[in-house]
Structures are given as structure tokens and as C-alpha cells.
Amino acid sequence: MAVETADDRAIFLSADDFGTTVVYQDYLGGVSNVVGIFDNDFIEVDAGGGVGYALQQPRFVCRTADMPNAKENEILTINGLDHIIRVVQPDGTGMTTVVVEVPR
């Protein structure tokens, strides 16, 4: 259980600091702006054979209250580019990590 409030969590996600404002499009056609932290880190993947390769892992972290019913296949528009939600991971403390992919 989290000890901070939703307003406290919003301070960490401020667009003035580390946050990014994205457009969330739910499956019912609703559209809303959500502030969170977008990361598109590279991770090393070991496929065997002794040489790893790099793979991008885009994810968006936001307050659970801002996307309480997020589902797979909904859309997040991040920096003008649509991303498909693939995994929604609420952590039980009021924050959710959304794993996304760019359609090809």
C-alpha cells in the first residue's frame, strides 16, 4: 500500500521535470492527456552463441488513476507517434507501467 497520495505521485511525473504528456485513446473512443515518464531504453538480449544484441524496450510509467482501465491494443500517442499498448502492469502502489510498441 502506498503512503503518498495521487497528487504526491503527480509531482514526480511533472512535464516541467521528467514527464511527457501523451494522448491516451481507449477502446471506447475516449481520448485524454496523461502525464508520465516515457523510456525507450536499449536492453541486451542473449540469444546464445556468446554475442548479445540490443533491443529497444519502450514503456510509459504513469499514475494508475490516470489510466485505471487501460487495456492491450489501445493507443498511446507519444511525441506524435502512435504506440500500441501491449502490457499493462499496475504495481499496487498507484503507479502503472505500460509496455508499448510502434506498429510496423
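Quick note: the coordinates plus some simple rules give every number you see, no bench work behind them. Note that this is a predicted model, so its numbers are computed, not measured. Glycine also receives a Cβ, built like all others from the backbone with ideal geometry; neighbour counts cover every protein chain displayed.
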> Of Glu74, Glu44, Glu4, how do they rank once you tally other Cβ atoms within 10 Å and put the fewest first?
Replying inline: Glu44, Glu4, Glu74
> For the charge dipole of the range 6-101, defined by +1 on Lys and Arg C-beta atoms and -1 on Asp and Glu C-beta atoms about the Cα centroid, which residue among Thr20, Pro58, Val88 has the Cα displaced farthest towards the positive pole?
Replying inline: Val88
>> I need to check one value: relative contact order of the range 6-101, counting alpha carbon pairs closer than 8 Å and at least 6 residues apart, in percent.
In response: 24
> Magnitude of the Cβ-charge dipole of the chain, K/R +1 and D/E -1, about the Cα centre, nearest 20 debye?
Replying inline: 280
> Any idea what diffusion coefficient the chain gets from Stokes-Einstein, in µm²/s, Kirkwood Rh on alpha carbon pairs, 4 °C, 1.567 mPa s?
Replying inline: 89
